[in-house]
Amino acid sequence: MLLLRATAPVLETHAYVLAAEEGGTAVVVDPGAGAAAAVTDLLARHSLRLGAVVITHGHADHVWDAAALAAGAPVYIATRDAYRLEDPAGALGPLGEYFTQLAPTPWERPATAQPFPASWLTGGGGEAVPGVVLRAVPAPGHTEGSTLLLARGVVESDGVLPAHAEPDGEGMHLVALCGDVFFAGSIGRTDLPGGDADEMAATLRTLTRALPPHTVLLPGHGPATVLADELATNPFVREALGTR
């Protein structure tokens, strides 16, 4: 599985590109404000065709260039966050005006926005594009519809994975595109509209118990990390687990 990353100039939000192989069809996760040009360049350099855009949560810095990239491709988002696509900056509350001043283009709602397919939400997940299977795991707290996207494969990452990330016994990595749920050494804030500290704590407890320690966490901002590292050193995760 090919795993690439581009970083939007506004708030340095990461957009991730996944494809089964060079020359294949790609899914783009969280194209933030100003990311379209860099993502388009990545697609071209690896001879990839865009098959779908997927959003981990509806904050403006994760969705802003979805329409610019998608054209006629589907844009998937959790049902609980779909309302944010009407006015993602406005849904940020007082920060919305600040964000629109930073954004290089006006907001355009993607015409092809739709809920995650039901197959993504159960069992081993469903195919997002040929050769890329995603399992969508609800992870509320940062927003109502925040979602982790799990993918597993033999990863060619061009430096995206942490150097010490270990594959499983079959030589595959389990990666979690986690939006603003986990960060290296921190977690997503819960004080914006739709955030909930109690839900975030419950999400952290559920995910850290369900996912194996070798899971690679690919956050929306900052460096990638490994779940085992966050269990050992992340004070917010440790507080949620009662292991301070």
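Structure above, values below:
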{"read-out": "Which numbered condition Gly145 misses (of (1) over 24 Å from Gly32 (Cβ atoms); (2) in a loop (DSSP other than H, G, I, E, B); (3) modelled with pLDDT of 95 or more)", "value": "(1)"}
{"read-out": "Residues of the stretch 200-224 that turn out to be open to solvent by 10 Å² or more (accessible area, probe 1.4 Å) and either aromatic (Phe, Trp, Tyr) or closer than 15 Å to Ala165 by Cβ (or both), as a count", "value": "6"}
{"read-out": "Residue among Gly169, Gly153 that is of a type in the set (Gly, Ala, Ser) and closer than 29 Å to Arg49 by Cβ", "value": "Gly153"}
{"read-out": "Strands (runs of 3 or more DSSP E) wholly inside the stretch 40-124 containing at least 2 residues that are open to solvent by 30 Å² or more (accessible area, probe 1.4 Å)", "value": "49-54, 113-115"}
{"read-out": "Filter result for the condition that a residue is surrounded by fewer than 19 Cβ atoms within 10 Å (Cβ to Cβ) and at positive phi, over Gly159, Gly194", "value": "Gly159"}
{"read-out": "Residue satisfying all of: in the stretch 129-156; under 16 Å from the mean Cα position of the chain (by Cα) and either among the basic types (Lys, Arg) or open to solvent by 20 Å² or more (accessible area, probe 1.4 Å) (or both); farthest from Thr79 (Cα to Cα) among these", "value": "Arg152"}
{"read-out": "Single residue of Ala224, Ala240 found to be modelled with pLDDT of 95 or more, small (Gly, Ala, Ser) and at negative phi", "value": "Ala224"}
{"read-out": "Verdict on Leu150 being assigned to a strand (DSSP E or B), within 19 Å of Leu4 (Cα to Cα) and touching a Cys at 6+ places or on another chain (Cβ under 8 Å)", "value": "no"}
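The values are calculated or read from the model by the stated rules, or taken from the named source; none is laboratory data. Quick caveat, the model's predicted, so the values are computed rather than measured. Glycine gets a Cβ as well: all are built from the backbone with ideal geometry, and neighbour counts include every protein chain shown. Just the protein is used for accessible areas: all its heavy atoms, side chains included, with ligands, DNA and RNA removed. Shrake-Rupley method; radii C 1.70, N 1.55, O 1.52, S 1.80 Å.
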